[in-house]
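Contents: one structure, followed by commentary.
Values quoted throughout were computed directly from the atomic coordinates according to the rules given, and no laboratory measurement underlies them. Because the structure is predicted, anything quoted here is derived from the model rather than measured. Cβ sites come from the backbone with ideal geometry, for glycine too, and all protein chains shown count toward neighbours.
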Amino acid sequence: MLDNNRYLTCGVDNAIPIELQLFLWNCVDGLPEPRDHLQVFDLKQVGCLQCITHRSEEPEHHMEYLLPSEHPITEKLYIIDDGDHSIMLLANEY
């Protein structure tokens, strides 16, 4: 799925630290084939931790991660693969 060019929007670039961006790409890279073209990430603060819920529909996938974070973020993101390229964007940019 993600053997193609990867892009991100200005919103992601401004709101999501690079380390977290790389973590999200790695979450998708770790999925077995076949992978859904739409990956959904819900980010929220849980105490002083960054909670990341990663899900997709076909095939169904659901995983939660808790990471230490000095500045947890509350945001919803998508990674969309159209076959030629993949893009990471904030839900409000869709």
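Once the Cβ-Cβ distance between Asn5 and Leu66 is put in as r, and R0 is 41 Å, what FRET efficiency do you end up with, to the nearest 0.05? That pair, Asn5 with Leu66, gives E of 0.85. Charge dipole of the chain (Cα centre as origin; +1 on each Lys and Arg Cβ, -1 on each Asp and Glu Cβ, all else neutral): 320 debye, rounded to the nearest 20. Taking one quarter of the surface of the C-alpha convex hull of the chain gives a mean projected area of 5.7 nm². Across region 57-62, coupling constants 3J(HN,Hα) worked out from phi with the 6.51/-1.76/1.60 Karplus curve, θ = phi - 60°, read 9, 10, x, 5, 9, 8 Hz, and Gly and Pro carry x. If the elastic network links every pair of Cα atoms under 10 Å, which of Gly11, Gly83, Gly30 fluctuates the most in the Gaussian network model of the chain? Of Gly11, Gly83, Gly30, the most mobile in the Gaussian network model is Gly30. Here the contact order of the chain, divided by its residue count and restricted to Cα pairs under 8 Å and six or more residues apart, works out to 35 percent. The simple spin-label model puts a point 7 Å past each Cα toward its Cβ; for Ile73 and Tyr94 those points are separated by 1.7 nm.
For Ser69, the residues 5 or more places off, or on other chains, whose built amide H falls under 5 Å of its own are Gln50.
Report summary: the helix-based calculation at 222 nm, which adds -39500 (n - 2.57) for every DSSP H run with n ≥ 4 and divides by the residues of the chain, gives -5500 deg cm²/dmol.
Once both labels are positioned 7 Å from their Cα atoms along Cα-to-Cβ, the gap between Asp29 and Leu49 label points is 2.4 nm. Electrostatic tally near Met88: other residues with Cβ closer than 11 Å to its Cβ, Lys and Arg +1, Asp and Glu -1, net -2. A straight chain from Asp42 to Asp13 at 0.36 nm per residue would run longer than the Cα-Cα distance by 8.8 nm. Applying the Karplus relation 6.51 cos²θ - 1.76 cosθ + 1.60 with θ = phi - 60° to region 33-47 yields 3J(HN,Hα) values of 7, x, 10, 5, 6, 10, 10, 10, 10, 10, 10, 8, 8, 10, x Hz, where x marks Gly and Pro.
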